[in-house]
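Here is the structure we will look at, set down as structure tokens.
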Amino acid sequence: MTVALPLPRAAEHAERVATPRRYLMCAPTHFDVSYAINPWMDVTRGADPDLAVRQWETLRRTYLRLGHEVELIEPQPGLPDMVFAANGGLVFEGHALGARFTHAERRPEGPAYLRRLESLGLKSVTEPVHVNEGEGDFLVVGELVLAGTGFRTDPGAHTEVQELLGVLVVSLQLVDPRFYHLDTALAVLDDHTVAYFPEAFSAGSRGVLQRLFPEAVLASEADAVVLGLNAVSDGRHVVLPSAATGLAAQLAERGYEPVGVDLSELLKAGGSVKCCTLEIRA
Ligand code: ARG
């Protein structure tokens with residue numbers, strides 16, 4: 001009989017390496033909850049844009065402290081959700097696809113982000129045909145793009161991304177309205193690993209995720225409902241909502257360095273760390 005000995009943690013995870021990233025962010029200067037397009041949003045509750053800006057500033061400084069570059073886009077009055085830069089597009093290997101929003105309230109953000117992407121010196125910037133909410137529903141894992149649908153992004157946009165970028169796009173069906181964007185239910189930790197909340201996905205999509213990522217970190221409902229999976233990783237540091245303490249412990253166990261940030265004001269609109277961050281991938 002052989003007994004498997006657990007490897008010492010340091011040796012097991014010696015490979016967690018951070019790589020410098022380039023992000024696009026938008027200050028929540030005009031933040032508000034003046035309409036409700038997801039179950040998190042309650043227009044009677046009010047929102048404090050000054051607090052939102054202070055919390056967002058902490059996130060921006062966290063990225064700078066970790067050695068990342070942060071580009072900004074000018075916030076526009078009347079677009080309270082513009083702070084959620086992830087929804088502004090998808091950038092892969094220097095090629096960008098713009099966003100086309102589901103709801104009329106956010107539609108003007110599409111051209112605003114497209115213009116900003118055009119000013120970043122990318123290889124190409126393409127206007128979208130189908131409805132897609134950018135990195136809210138498209139998440140890059142190494143050479144693969146995971147694509148959410150069910151609430152916002154049209155499945156036609158999944159094919160559009162595959163054709164535009166020549167990269168394999170895996171469609172995933174979201175089934176719980178609290179997790180209306182893929183980035184509220186799944187976090188990319190590095191080029192091979194993700195964390196997700198299984199119950200946010202259809203049975204078939206759960207099967208796909210199990211096959212693709214047998215070693216994935218499975219988040220609890222308690223961590224998912226504070227949008228703990230709305231996280232941004234550089235391969236080593238995982239910036240996530242500070243309330244997601246269970247998930248932070250699971251990540252530390254796997255050799256990642258969780259970095260908690262409090263974005264409670266933005267949670268009133270159904271967004272957190274990842275929503276505020278669009279990665280500009282060269
Ligand atoms: N209130 C915004 C909406 O419902 C929040 C967007 C959050 N962004 C994200 N990437 N999940 O559209």
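Among the residues making up region 173-199, those that are assigned to a helix (DSSP H, G or I) and either within 12 Å of the ligand (Cβ to nearest atom) or surrounded by 19 or more Cβ atoms within 10 Å (Cβ to Cβ) (or both) are P177, R178, F179, L182, D183, T184.
Residue under question is L122, and the condition is that it be farther than 28 Å from M41 by Cα, in contact with a Gly (Cβ under 6 Å, 6 or more places away or on another chain), more than 16 Å from the ligand (Cβ to nearest atom) and at pLDDT 95 or above; does it hold? So L122 fits the description; yes.
Listed by position, the helices (runs of 4 or more DSSP H) enclosed by region 200-282 that each have at least 2 residues that are closer than 28 Å to V70 by Cα are 221-224, 245-253, 264-267.
Looking across region 31-48, the residues that are more than 13 Å from the ligand (Cβ to nearest atom) and either buried (at least 19 other Cβ atoms within 10 Å of the Cβ) or free of Cβ contacts under 8 Å to residues at least 40 places away in the same chain (or both) come down to T44, G46. Selection of region 118-150 for residues being touching a strand residue (DSSP E or B) at 6+ places or on another chain (Cβ under 6 Å) and assigned to a loop (DSSP other than H, G, I, E, B) yields L122, K123, E127, P128, V131, D137, G150. Listed by first and then second residue, the pairs linking a residue in region 174-198 that is farther than 16 Å from A244 by Cβ to a residue that is in a strand (DSSP E or B), with Cβ atoms under 6 Å apart and 6 or more places separating them unless they lie on different chains, are L174/G148; L182/L139; L182/G148. Put simply, of D262, D234 the only residue that is in contact with a helix residue (DSSP H, G or I) (Cβ under 7 Å, 6 or more places away or on another chain) and not hydrophobic (A, V, I, L, M, F, W, C) is D262. Considered as a group, the residues in region 125-163 that are closer than 18 Å to R22 by Cα and within 16 Å of the ligand (Cβ to nearest atom) include one that is surrounded by the fewest Cβ atoms within 10 Å (Cβ to Cβ), and that residue is V140. Right, F92: over 26 Å from S34 (Cβ atoms) and either among the small types (G, A, S) or buried (at least 22 other Cβ atoms within 10 Å of the Cβ) (or both) or not? No, not satisfied.
The values are calculated or read from the model by the stated rules, or taken from the named source; none is laboratory data. Note that the coordinates shown come from a computational prediction; the quantities given were computed from them, not determined experimentally. Methodologically, a virtual Cβ is constructed for each residue, glycine included, from the backbone with ideal geometry; neighbour enumeration extends over all protein chains shown.
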